[in-house]
Every structure is written in structure tokens, then in C-alpha cells.
Amino acid sequence: MTTTNLEPYWMPFTANRAFKKAPRVLHSAQGHYYTDADGRTLLDGFSGLWTTGLGHCHPKIVAAVQAQVATLDYAMAFQMGHNKAFELAERIIAIAPPEFTRVFFTNSGSEAADTALKMSIAYHRARGEGNRTRLIGRERGYHGVNFGGMSVGGMTANRKVFSPVMIPGVDHIRHTHSLGDMAFSKGQPTWGTHLADDLERLVTLHDASNIAALIVEPVAGSAGVLVPPVGYLDRLRETCDKHGILLIFDEVITAFGRIGAAFGAQRLGVTPDIITVAKGLTNGVIPMGAVLVKESVYQALTNCPENLIELFHGYTYSGHPVAAAAGLATLQCYDDEATFVQVRNIEGVFETLLHELKAEPHVVDIRNFGLMGGIELTSRVGSAGARGTEAYLRCFAEGVVIRNTGDIIALSPFFNSTEDELIRIIDTVRRALRAID
Ligand SMILES: Cc1ncc(COP(=O)(O)O)c(C=O)c1O
């Protein structure tokens, strides 16, 4: 039991008062397990927060961070550089789709999203199309919590309170989920390609000459694992091309192995113009995000006299040396451990086990892609979200960490999970579902 005063820390995306009455405090982590403040061992079924696919406290990443912090703890980020950031950018580009040539570093996924949105607007202006400022997101999308990402995001709870102060000139295409048409699809649903045509509706409404970019997650994570229908992303790409709209893939979850490739763009066979990443870039060890752009985007944005700053944007901690060292070690591990192949090798087992929950109480849909899994429950009348939270708490009590978004349970197992671990996670969820009313 912790004796620490829990009150001063206002925890993010947490029911603070309920939490502090019954805290779940983690003390250490190793490999696939946390140890909590009571000394209990917990199997992490969520890989951190979609972050830590290689496992906790990976010795090679820990060593790289320790060495870096003792060598160059910080380096002024503006008008100066250090080798680790340059090396990391080069390593990222080496595994990105071939058109991508430049990397801008941020500290989080939220900052990456806002950076990408700002770049899109600046890109069109630099090309003489300064009217193209409108940004299009998607219902149920999640692009972090800063003003830009929140505005293009489409999760009601995150938007509700801030509705009057969203950035102007934003619209949303409809989301891709339909229980009646695609429930219990394994991998990509075969129904729903036509949902991409909603972008044409917005082009007709606003006119393409006003639209800068469309931002979507290739597979929506935070809203409860919404997998794109077959052909859907291709159609978005075609429509963006037709109308000169930049396509941004927010790959904060899908990049670096989660769906069995370095980038979701590669796995899904659709190449956007800008990609945002974070989480798996450093295995969650040190905060870091990044925005990757195609050479054509970079060239347009840097078309000014050489001595001028091309983009008035950046963070004190952009390309932070310790984060960059963590990133380099992480990418090396992905390579050494053939992580992306490893994911493809176990995703089938994960899919089979996950879908075995179909007949369990309350379950109305199961969705999966790569090592992302979603189990949607019917809501209890009058208390939406209660079942999901109870399932989460029951799993925690049984020593397994999962996550719920309302009544959708999400699973994000380690890239190197064993079959026994996957079975334990699924069995624990099964018992939780049977136990709740
Ligand atoms: C797709 C996507 N974009 C952006 C973010 C925000 O990232 P961060 O919490 O690092 O700001 C997340 C976080 O889950 C995400 O899933």
C-alpha cells in the first residue's frame, strides 16, 4: 500500500477522486510485467499505453539512455544540432516509405499532430494557395489534446467542453464503423469502402480550393480499434490527389510494429503525404514524437532565401539527445529482433483468441488488426461506460492490465508476446465479462 500523498498530482485522463480512493500505483516494470506498490506482479496487456511493444526496461534501450544522459544531457535545439538527432532522422527515413525524406521532431503525439496541421497550411501558402487553410478530420478520430488535434479529432468527450473554442475552419468526414454491417470482421472489414466518399461531400460543400489537409489514423486506436474497410484508404488517397488535398496519416499508434510493419502506410499499401509518429519511436522510454514529410512537401516549405528560418515552429526539446538515443536504440532493437515479422507471426494467434470471446456476455463486436484488438460491449442502460470500466478493474484485480474506452475494451499486447501470455490476457477478459452484469 502506498503511503505517498496522492492529492497534489492531477492525473491525466483519470477519474482522480475515484482513483485516489482505490489507487493503482505502479512501482517498477521488467519485460512483460509491472510490479505495483503492493508488490503484486501484473501482466501488461496494453504494452504501456500502446507504447512499449518491446517490453519494459529493455536492457539495450536502458543502456543507451544511461550513456547519453551522462554524455550530452541537453543540446540547444534552435540553430544548433547534435549527432543523435541527425542519426535518428536518417534511421527513420531508411525504413519509411521511399517518398519520405525529412523528419521534424516533437515531444508527443499531440505535438506531432499540431505540427503536421501547421505544416499543411504553410505548405499551401508557400505554393501560392494561401486559401487552403481548412482542415478535415474524421468522427471518432483521436489526434491528441492540443487545440489543432482536438479540433480535427472526433471523440465527443474530448470535444464537448471545448466546443466553442475549437480552431475555425475544421470539418469531419464520417467514421468507418457500422455494427450492423461489419461486426466481428477479422482484420479489415469488406463492407464500407464507400464511406471514403464522404470526403467528396465536404469538397463539394467547402470547395477544394479552401482545403489544406485530411488527417486520419490508418487504424483508429483510441476510439476503440476501428479498422479501415478494404479499399477505403486507397479511395481517400485518390480523392485527396484529385483535389490537391494533403493526406496526413496519424501513425502515433500504428507506426513501429503495432500492425506488423514499420509504418501502417506500408502494411495498408497507401502512401500519405505526411506521417505523424510517437509512442513506439522510443518504446515509450523517453517522450518523443516526429513528423515525416515527403520531399515535395519539404521543398515547397523551404522555398525561401537560404539564411531565413523556413518554418517558425519548433520545441525546446525537439530532437532531445536522450530521447534521440532512446529512439536509435529502439529502432536497432526492432531490427535485431525482427520485430515487425514477429508481430505478423503472432497476430493470427491473437486474432483467433480474441474472436473466441464472441459468445461471451455483453459482446456486440470484436475488431482486430495486427496486435490491436477491440471488444465492444453493450452499454448498461443509464450508465454508459460502466461495464467497460468494471471489466478493466476486474482484470486489474486478477493481475492483468488492459484498457477501456467507455464500453470498448482495447488490447495492445507486446510484439514478442508468448501464446501463453495472450491466452492469459484473453482468459482474464473472459472471466471479467462473465462476472459483470
Ligand atoms: C493517433 C494518436 N494521435 C495522437 C495521440 C496523442 O499522443 P500524446 O498522448 O503522446 O500526445 C495519440 C495518443 O494516444 C494517438 O493515439
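Bear in mind that the values in this text are calculations on the coordinates, not laboratory data. On a predicted model such as this, the values are computed, not experimentally measured, just so you know. As a convention, Cβ positions derive from the backbone with ideal geometry for all residues, glycine included, and neighbour counts pool all protein chains shown.
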Check: Measuring from label point to label point, each 7 Å out along Cα→Cβ, what is the Ala63 to Val349 span in nm?
Finding: 2.7 nm
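Only Cα pairs under 8 Å and at least 6 apart count here; give the relative contact order of segment 36-173 as a rounded whole percent.
On the way: 109 pairs, mean separation 19.8, N = 138.
It rounds to 14 percent for segment 36-173.
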Next item on the list: Starting from the Cα of His27, step 7 Å along the direction of its Cβ; do the same at Arg159; then give the gap between the two resulting points in nm.
Entry: 4.4 nm
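What ranking, highest mean first, results for peptides 182-188, 40-46, 309-315 when packing means the other Cβ atoms within 10 Å averaged over each residue? Before the final figure, lay out each step's value.
On the way: 182-188: 16.7, 40-46: 18.9, 309-315: 13.6.
Highest mean packing first, the order is 40-46, 182-188, 309-315.
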Margin query: Between Leu233, Leu72, Leu411, where does the largest GNM mean-square fluctuation fall for the chain, given springs only between Cα atoms within less than 10 Å?
Written below: Leu72
Check: Taking 0.36 nm per residue of separation and subtracting the Cα-Cα distance, what length does fully extending Thr418 through Ala338 add?
Finding: 27.3 nm
Item checked: Charge dipole (the chain, unit charges on Cβ, about Cα centre) - positive-most of Ala391, Val62, Ala255 -> Ala391
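Report, in listed order, any pair from Lys118/Lys242; Lys60/Lys294; Lys118/Lys294 with a Cα-Cα distance greater than 26 Å. Numbers along the way, then the final one.
Numbers: Lys118/Lys242 22 Å; Lys60/Lys294 31 Å; Lys118/Lys294 15 Å.
The answer is Lys60/Lys294.
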Next item on the list: Please arrange Met372, Met288 by counting, for each residue, the other beta carbons lying within 10 Å of its beta carbon, fewest first.
Entry: Met372, Met288
Margin query: Can you tell me how segment 261-315 classifies by the Cα gyration tensor, rounded, prolate or oblate, using a/c under 1.5 as the rounded cut?
Written below: oblate
Notebook entry, point to check: Can you tell me the Rg and the Dmax, both Å, for the Cα atoms in segment 61-219?
Noted result: 19.4, 57
Notebook entry, point to check: Per residue, how much space in cubic angstrom lies within the convex hull of the C-alpha atoms of segment 219-318?
Noted result: 129 Å³
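Can you work out D for the chain in µm² s⁻¹ from Stokes-Einstein, where Rh is the Kirkwood radius over C-alpha pairs, the temperature is 37 °C and the viscosity is 0.692 mPa s? Don't skip to the answer; put the middle values down first.
Details: Rh = 22.4 Å.
Rounded, D is 147 µm²/s.
Within 14 Å, Cβ to Cβ, of Leu331, how many net charges do the neighbouring residues add up to if Lys/Arg are +1 and Asp/Glu are -1? Intermediate values should be presented prior to the final figure.
Values: positive: Lys60, Lys84, Arg91, Lys279; negative: Glu87, Glu90, Asp335, Asp336, Glu337.
Residues close to Leu331 contribute a combined charge of -1.
Work out the P(r) tail for segment 1-151: percent of alpha carbon pairs separated by more than 27 Å, whole number.
Numbers: 5496 of 11325 pairs.
Pairs farther apart than 27 Å: 49 percent.
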